[in-house]
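Since the structure comes first, as structure tokens, the remarks are kept for the end.
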Amino acid sequence: MRRYFLLLLLGWLVGAAHAQPDPLIINVDGRRTTSLHGSWAAIVDPFDVGYRTYRNTPDPNGFFRHRRPRHPADRIEYSFEDAPRLEVPGDWNSQRPELFFYEGTVWYQRTFTYRLPADRRLFLYFGAANYEAIVALNGQVLGRHEGGFTPFNFEITELVRDGENDLVVYVNNRRRAEGVPTDNMDWWNYGGLTRRVLLVETPRTFVRDYFAQLDPADPSFLAGWVQLDGPERTLAVTLRLPELGLVQTIRPDTSGRGTFRLRVPERLERWSPAHPRRYRVELATRYETVVDSIGFRTIETRGTELLLNGRPIFLRGISIHEEAPFEGRRAFSEEDARVLLGWARELGCNFVRLAHYPHNEAMVRTAEAMGLLVWAEIPVYWTIQWENPHTLELARQQLRELITRDKNRAAVILWSVANETPRGEARLRFLRTLIDEARRLDPTRLVTAALEHRYVNDTTILIDDELGRYLDVLGNNEYIGWYDGPPEKARRVVWQNAYDKPLIMSEWGGGAKAGFHGPAEQIWTEEYQARLYREQIAMLRRIPFLVGMSPWILKDFRSPRRPLARIQDYWNRKGVISDRGQRKQAFYVLQAFYRELAQSAIND
């Protein structure tokens with residue numbers, strides 16, 4: 001018995017050392033999966049009593065053990081069996097009123113039954129958990145993941161039982177100064193298992209990762225690689241694109257990595273917003289066939305122009321937070337994505353900025369299917385700890401997880417490494433590291449960041465942030481008419497660019513409460529917001545190096561920074577659509593402008 005307890009304690013201490021997740025499996029939709037969605041037991045633990053002793057050390061009898069009384073004298077001060085329930089995927093803030101503002105720990109628990117064949121492997125996959133997650137199966141801690149918006153997985157082949165299994169997940173959304181994002185942000189800190197949780201079954205050797213895009217150096221070729229995971233790492237992989245009649249055998253090296261490059265036929269139809277064509281791509285070994293749907297296109301710059309498939313394009317965009325339509329909760333489903341992106345399409349958009357963190361995979365795949373170009377970003381937001389190595393590694397990790405998941409999505413054209421960060425040498429070193437990492441991981445896309453400008457004089461704005469030297473496309477956030485003078489100030493402003501690079505005005509706008517009407521000079525009215533949009537549009541027309549915009553924002557979203565009673569009530573009201581789906585007057589102002597731009601592009 002003593003030996004058994006010591007083994008359990010050893011397992012706990014190994015877990016307390018925070019083992020990292022296994023390398024990420026991509027395209028889980030193309031694999032054999034079992035959903036763990038539904039009702040989970042949930043214990044709210046604001047003091048982390050299920051994790052630490054009163055001496056603040058790891059507790060070997062913590063909630064991961066899921067202990068139950070064996071006789072009447074047993075003192076166990078928690079019970080998953082009697083705990084309230086939470087739905088997964090979902091945030092806890094919107095499911096229980098008492099958790100609306102809650103920041104801290106919630107323990108999730110459920111059981112599942114599984115029978116794994118001897119020649120197969122099993123992984124536990126999380127679309128995301130905000131912010132910190134520690135996962136245990138059958139009392140054994142698997143590891144820890146930090147970061148609330150990217151996927152991770154653990155292999156459980158050797159731990160899963162033939163029959164019933166017990167899964168416990170510690171989730172903590174407490175904001176932290178050294179985190180990414182930091183403890184100061186302007187969106188709701190939705191906590192919990194906010195995205196899907198799946199069991200992913202694979203062969204012993206399987207295709208874990210792959211990349212297939214047109215070669216930027218010569219787009220008449222399709223180039224990429226595959227990565228095998230398992231004992232047979234030199235296993236042959238057959239690449240097929242049946243609609244194009246393409247077949248090639250890939251022979252990986254002893255690390256499991258194999259590359260390919262093959263000429264594509266002239267009949268290849270390139271992906272674009274007007275024609276979001278995708279092709280069936282198959283990667284087959286003698287054990288499995290992984291199927292994906294991938295579009296092929298090129299994206300590049302030429303001076304201050306942005307070129308999609310070799311032709312200039314203007315990005316008619318809107319910014320979007322990952323918040324569900326019609327209700328204040330974290331969005332996670334394809335249905336949520338279709339409504340939000342359908343509104344963007346109704347507005348006349350060909351482009352969306354998915355702010356300020358990686359959105360769920362359904363959002364990106366739905367955008368691709370609907371023909372919407374995507375700006376994807378990580379939450380390096382405002383002022384973070386630029387000289388903290390841990391913070392830098394967190395940012396790099398989240399960037400890697402984002403790019404690993406979404407690198408085959410033709411819709412994604414921009415990786416963004418930061419939003420509204422203050423100038424300085426430490427910040428520049430930090431962000432240059434991320435830029436280099438993005439280009440190393442994916443040389444086929446452009447890198448950007450949402451910068452801040454400076455006034456040279458009362459009427460001249462210069463974009464000269466030193467970070468711009470290292471970006472492919474400049475982003476810039478400005479709020480003339482809201483935080484920066486009255487809307488009419490835009491008439492006098494002249495924009496200058498220190499770099500021969502294209503500019504996206506990544507944020508602009510102002511707030512209005514839907515249904516609140518009055519003179520156009522009265523703040524918070526729909527009329528004021530519409531007036532601001534008209535003045536902004538007139539100014540933006542005059543910027544010669546402007547290639548796109550993503551006004552702030554599609555719909556109103558929850559934010560603890562917005563407490564004004566009867567107007568905000570903890571909602572950021574800058575949406576052109578309300579939290580209930582009402583179109584404000586500014587929606588129609590922007591829609592008319594985008595229709596004009598779209599018609600002009602057709603005529604060109």
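The values are calculated or read from the model by the stated rules, or taken from the named source; none is laboratory data. Just so it is clear, the model here is predicted, and its values are computed rather than measured. As a convention, Cβ positions derive from the backbone with ideal geometry for all residues, glycine included, and neighbour counts pool all protein chains shown. For accessibility, only protein heavy atoms count, side chains too; no ligands or nucleic acids. Shrake-Rupley method; radii C 1.70, N 1.55, O 1.52, S 1.80 Å.
Helix 425-441 versus the longest principal axis of the chain: what angle, 0 to 90°, nearest 10, using Cα atoms?
70
What is the dipole size for region 157-209, taken about its Cα centre, with +1 at each Lys and Arg Cβ and -1 at each Asp and Glu Cβ, in debye to the nearest 20? Walk me through the numbers on the way to the answer.
Numbers: 8 positive and 9 negative charges, 33 e Å.
In debye, rounded to 20, region 157-209 gives about 160.
If one computes the Cα centroid of region 544-568 and of region 153-194, what distance in Å separates the two points?
Their Cα centres are 28 Å away from one another.
How large is the charge dipole for region 354-441, taken about the Cα centre, if only the Cβ atoms of Lys, Arg (+1) and Asp, Glu (-1) carry charge, to the nearest 20 debye?
Numbers: 12 positive and 11 negative charges, 44 e Å.
The dipole magnitude comes to about 220 debye.
Identify, among ALA129, LEU246, ALA337, the residue whose Cα sits farthest towards the positive end of the charge dipole of the chain, taking +1 on the Cβ of Lys and Arg and -1 on the Cβ of Asp and Glu, with the dipole about the Cα centre.
The residue sitting most towards the positive pole is LEU246.
Return a whole-number percent for the relative contact order of region 147-269, with Cα pairs under 8 Å and 6 or more residues apart as the contact set.
Once normalised by length, the contact order is 17 percent.
Highest mean first, what order results for 125-132, 26-33 on Cβ atoms within 10 Å?
Peptide ranking by packing, descending: 125-132, 26-33.
Nearest 10 degrees, 0 to 90: what angle lies between the long axis of helix 389-406 and the longest principal axis of the chain (Cα atoms)?
80
In Å², what does the accessible area per residue of the chain work out to with a 1.4 Å probe?
With all protein chains present, the chain gives 39 Å² per residue.
Note down the magnitude of the dipole of the chain about its Cα centre, charges +1 on Lys and Arg C-beta and -1 on Asp and Glu C-beta and zero elsewhere, to the nearest 20 debye.
600
Between TYR588 and ILE567, what FRET efficiency comes out of the Förster formula 1/(1 + (r/R0)^6) with R0 = 25 Å and r the beta carbon distance, rounded to 0.05?
Values: r = 22 Å, r/R0 = 0.86.
Given R0 = 25 Å and the Cβ-Cβ separation, E is 0.70.
In the chain, if the dipole is taken from +1 on Lys/Arg beta carbons and -1 on Asp/Glu beta carbons about the Cα centre, which of TYR479, THR202, VAL44 is farthest to the positive end?
THR202
Explain nothing, just the number: relative contact order of the chain, from Cα pairs under 8 Å at least 6 residues apart, as a whole percent.
11
Under 17 Å from a point placed 7 Å out from the Cα of ASN388 along the Cα-to-Cβ direction: which residues of region 112-135 have their backbone N that close?
Only 131-133 fall inside the zone, counting backbone N under 17 Å.
So what is the 222 nm mean residue ellipticity for the chain from helices alone, if each DSSP H run of at least 4 adds -39500 (n - 2.57) and you divide by all residues, rounding to the nearest 500 deg cm²/dmol?
-6000 deg cm²/dmol
Indicate the gyration tensor shape class of region 135-260 (rounded, prolate or oblate), computed on the Cα atoms with a ≥ b ≥ c the square roots of the eigenvalues: a/c under 1.5 is rounded; otherwise a/b larger than b/c is prolate and the rest oblate. Don't jump to the answer; show the numbers that get you there.
Values: a/c = 2.83, a/b = 1.48, b/c = 1.91.
Verdict is oblate for region 135-260.
What does the charge add up to near TYR102, with Lys and Arg as +1, Asp and Glu as -1, over the other residues with Cβ less than 13 Å from its Cβ?
Its environment carries a net charge of -1.
How large, in percent, is the carbon and sulfur part of the accessible surface of region 262-337 at a probe radius of 1.4 Å?
Its accessible area is 45 percent carbon and sulfur atoms.
Have a look at LEU222, LEU308, HIS453 and report the one farthest towards the positive end of the charge dipole of the chain, computed about the Cα centre with Cβ charges (Lys/Arg +1, Asp/Glu -1).
LEU222
With an 8 Å Cα cut-off and a minimum separation of 6 or more residues, compute the relative contact order for region 48-110 in percent.
For region 48-110, the relative contact order is 19 percent.
What shape does region 334-469 take by its C-alpha gyration tensor, where a ≥ b ≥ c are the square roots of the eigenvalues and a/c under 1.5 counts as rounded, a/b above b/c as prolate, and the rest as oblate?
In terms of gyration-tensor shape, oblate.
Any idea what diffusion coefficient the chain gets from Stokes-Einstein, in µm²/s, Kirkwood Rh on alpha carbon pairs, 37 °C, 0.692 mPa s?
In µm²/s, the coefficient rounds to 128.
Is region 505-601 rounded, prolate or oblate when judged by the Cα gyration tensor, a ≥ b ≥ c being the square roots of its eigenvalues, rounded requiring a/c under 1.5 and prolate requiring a/b larger than b/c?
Here region 505-601 falls in the prolate category.
Sorted by accessible area (1.4 Å probe), largest first, how do GLU282, GLU155 line up?
Details: GLU282 30, GLU155 60 Å².
Accessible-area ranking of GLU282, GLU155, largest first: GLU155, GLU282.
Using alpha carbons only, how many angstrom separate the centre of region 335-350 from the centre of region 378-448?
26
Compute the acute angle (0 to 90°) between the alpha-carbon long axis of helix 585-603 and the principal axis of greatest extent of the alpha-carbon atoms of the chain; round to the nearest 10°.
The helix 585-603 is inclined about 80 degrees to the chain.
Assuming a viscosity of 0.692 mPa s and a temperature of 37 °C, what translational diffusion coefficient in µm² per second does Stokes-Einstein assign to region 234-350, Rh being the Kirkwood radius over Cα pairs?
185
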